[in-house]
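Heads up: the structure comes next, in structure tokens.
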Amino acid sequence: MLLAHFRVVAGHTQAELAQVLIISESKLASMEQGRRPLGLEMAQELDRILETKSALEVSVRNLPEVDVFPEWAAPYMDYEWEAVSLDFYANQVLPGLLQTEEYARAVLSNDIPTVNDDELELRVAARIKRQDILQRKVPPSTSFVISEAVLKDHLGGEATYRAQLRHLRRSADVPGVTIQIMPLGVTTHAGLSGPFVLIETPEHDHLAYAETQRGSQLIRDPDDVSILVRKYAMLRSQALNPQESKGLLDRLLGE
């Protein structure tokens with residue numbers, strides 16, 4: 001936020017400053033929003049351009065060394081922030097854009113190695129901050145195919161579980177958001193290789209993203225993206241339709 005303030009005071013738009021820095025506008029936006037760390041060299045360059053008398057350098061030097069997102073996830077965060085559409089297949093935990101604060105805290109508390117309370121709260125706040133994209137003037141179209149297995153885990157305890165279910169049910173009624181549940185016991189399943197995200201950029205480029213235990217892959221090759229697009233289409237046909245999915249959530253809330 002400090003960087004954004006200095007940029008505005010200096011009379012630069014994001015597009016203008018990004019061009020001067022020879023970086024993408026989305027990368028600059030990520031640094032301003034705190035989704036991507038501001039490195040020391042970049043802070044020094046910005047101090048020079050914005051004439052801020054080392055204010056940004058001093059801020060960076062005094063920041064606690066906490067990465068709210070893994071470094072390998074940063075490119076995806078840039079694309080997520082400005083996407084026009086996002087499609088998620090989740091079979092382990094709910095996607096971050098659908099998580100309540102308590103559920104996010106429960107998920108992140110299970111990270112190994114564990115982190116201290118201050119770092120945990122920073123990571124929770126960063127995850128919830130991602131949901132701001134759903135409040136944009138023109139939010140992305142979002143769809144989610146979620147394994148019913150995810151809804152069987154009571155991460156964080158009963159109160160957290162119930163609150164998360166209620167939030168998920170409310171989200172299913174939000175215009176532009178589609179939630180489908182993949183029921184247990186199916187005989188065909190197109191997502192056995194794991195979760196992934198499909199991304200459409202403002203330029204209508206199509207990308208995909210997949211995470212592993214300790215890394216990630218941003219998929220740009222059109223052939224590879226096409227395979228995941230076809231998988232997602234099959235997943236949607238195999239899952240409960242949106243109305244049936246709302247019914248399942250209603251039943252789980254009633255139990």
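With unit charges on the beta carbon (Lys/Arg positive, Asp/Glu negative), name the residue among 216, 134, 206 whose Cα is farthest towards the positive pole of the charge dipole of region 131-238.
Farthest along the dipole direction, towards plus: 134.
Apply the Kirkwood formula to the chain: the hydrodynamic radius equals the inverse of the mean of 1/r over all pairs of different alpha-carbon atoms; give it in Å with one decimal.
For the chain, the Kirkwood estimate is 19.9 Å.
Under a cut-off of 28 Å between alpha-carbon atoms, report the lysines in cross-link reach of residue 246, not counting same-chain residues fewer than 8 places apart.
In chain and number order, the partners are 129, 137, 152, 231.
If you take the square roots of the eigenvalues of the alpha-carbon gyration tensor of region 1-139 and sort them as a ≥ b ≥ c, do you get rounded (a/c under 1.5), prolate (a/b over b/c) or oblate?
Cα axes put region 1-139 in the oblate bin.
At a probe radius of 1.4 Å, what is the per-residue accessible area of residue 27, in Å² to the nearest 10?
Answer for residue 27: close to 60 Å² accessible.
When only alpha-carbon atoms count, how far does region 79-184 stretch along each of its three principal axes, as whole angstroms with the largest first?
That gives 37, 32, 21 Å along the principal axes, largest extent first.
Determine, from the Cβ-Cβ distance of residue 214 and residue 154 and an R0 of 25 Å, the FRET efficiency 1/(1 + (r/R0)^6), rounded to the nearest 0.05.
About 0.40, to the nearest 0.05.
Can you put 236, 162 in order of accessible area, largest first, using a 1.4 Å probe?
So, going from the largest accessible area down, we get 236, 162.
Summing -39500 (n - 2.57) over the DSSP H runs of n ≥ 4 in the chain and dividing by its residue number, what mean residue ellipticity at 222 nm do you reach, to the nearest 500 deg cm²/dmol?
Mean residue ellipticity at 222 nm (helix-derived): -14500 deg cm²/dmol.
If contacts are Cα pairs under 8 angstrom and at least 6 residues apart, what is the relative contact order of the chain in percent?
Relative contact order, the chain: 19 percent.
For the chain, give the magnitude of the charge dipole about the Cα centre (Cβ charges: +1 Lys/Arg, -1 Asp/Glu; no others), in debye to the nearest 20.
Dipole of the chain, to the nearest 20 debye: 680 debye.
For helix 158-171, what angle does its Cα long axis make with the longest principal axis of the chain, in degrees from 0 to 90 and rounded to 10?
80 degrees
Taking the simple approach of a point 7 Å from Cα along Cα-to-Cβ for both residue 15 and residue 141, what is their distance in nm?
Rounded to a tenth, the inter-label distance reads 2.5 nm.
Taking 0.36 nm per residue of sequence separation and subtracting the Cα-Cα distance, how much length would be gained by fully extending the chain between residue 115 and residue 85, in nm to one decimal?
Between residue 115 and residue 85, full extension yields 7.5 nm more.
Relative to the present Cα-Cα distance, how much length would full extension add between residue 186 and residue 8 at 0.36 nm per residue of separation?
The residue 186-residue 8 span can extend by a further 58.7 nm.
At R0 = 25 Å, how high is the FRET efficiency between residue 193 and residue 244 if r is their beta carbon distance? Nearest 0.05 is fine.
0.50
Can you bin region 117-240 into rounded, prolate or oblate? Criterion: square roots of the alpha carbon gyration tensor eigenvalues sorted a ≥ b ≥ c, rounded for a/c under 1.5, prolate for a/b above b/c, oblate for the rest.
Rounded shape, in that the Cα axes give a/c under 1.5.
The values are calculated or read from the model by the stated rules, or taken from the named source; none is laboratory data. Bear in mind the structure is a predicted one, so any value in this text is a computation, not a measurement. Positions of Cβ are generated from backbone atoms using ideal geometry, with glycine treated the same way; all protein chains shown enter the neighbour counts. Quick note on the areas: whole protein, heavy atoms, side chains included, nothing else; ligands and nucleic acids left out. Shrake-Rupley method; radii C 1.70, N 1.55, O 1.52, S 1.80 Å.
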